[in-house]
Structures are given as C-alpha cells and as structure tokens.
Amino acid sequence: IDYNIVAAISVIESEGGKHTFKPYNAWGWGKIGFSSWEEGIWTVSKGISKYYAKGMTTPRSISYSYCPPTANSWAAKVQGVMNKIESM
C-alpha cells in the first residue's frame, strides 16, 4: 500500500495522533486501542491493504466503505494531506 495513506488518515482523524479516543489509535480504527504506535500502524496498514487487494487504491475509492457518512469530504481531506506529504 501507499504508506502516505496511513499517515494522512491519522492526520485527518486525530491530528497525527495528538487527539486519540483510544490508546495509540490515531486512525479512528474500530473501537479499539493498541498497545503501541507500531501495533496501530501495522494493524491499520493491514486493514487498508484489504481495500487495495480489491482495487480500491485511492482515498476516494476507499471512502465509501471506510466512512460512508462523510465519504466525499473525508476522501478530499485525506488526498490533500497525501499530496502535501508527497510534495515534501
């Protein structure tokens, strides 16, 4: 997967891990906490890889399954962060 998407989702969901609702969960992933940032990154990356395996490789295509109520705005925000990361 594109590692930028994992980072970008964390920026949108929790300001890059500054405001988590569960321990080490910067992505709003389920209703769980993780034991470390490493576990969170690996778990979320594995979950995102399932979308990629189905051909959903952009925030827009993932958004309809990942966060249906706000799919369009979420996808635009995540893509915007990805673009900033890629331009660095």
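The values are calculated or read from the model by the stated rules, or taken from the named source; none is laboratory data. Keep in mind the model is a prediction, meaning the values are calculated, not measured. As a convention, Cβ positions derive from the backbone with ideal geometry for all residues, glycine included, and neighbour counts pool all protein chains shown. These accessible areas exclude ligands, DNA and RNA; they are computed on the full protein's heavy atoms, side chains included. Shrake-Rupley method; radii C 1.70, N 1.55, O 1.52, S 1.80 Å.
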#### Entry: Filtered residues of region 34-50 (kept if out of contact with any Ser or Thr (no Cβ under 7 Å at 6 or more places or on another chain) and touching a residue at least 12 places away in the same chain (Cβ under 8 Å))
Ser35, Ser36, Trp37, Glu39, Gly40, Ile41, Thr43, Val44, Ser45, Gly47, Ile48, Ser49
### Message
Which residue is most open to solvent (accessible area, probe 1.4 Å), if the candidates are limited to region 68-88 and must be under 18 Å from Ile1 (Cβ atoms) and touching a residue at least 12 places away in the same chain (Cβ under 8 Å)?
### Response
Glu86
### Query
Identify, please: which residue in region 33-57 is among the polar types (S, T, N, Q) and surrounded by fewer than 16 Cβ atoms within 10 Å (Cβ to Cβ) and is, among those, farthest from the chain's Cα centre (by Cα)?
Ser35
### Task
Please tell me if Gly30 is without any contact (Cβ under 8 Å) to a residue 40 or more places away in the chain, small (Gly, Ala, Ser) and either in a loop (DSSP other than H, G, I, E, B) or crowded, with 17+ Cβ neighbours inside 10 Å (or both).
yes
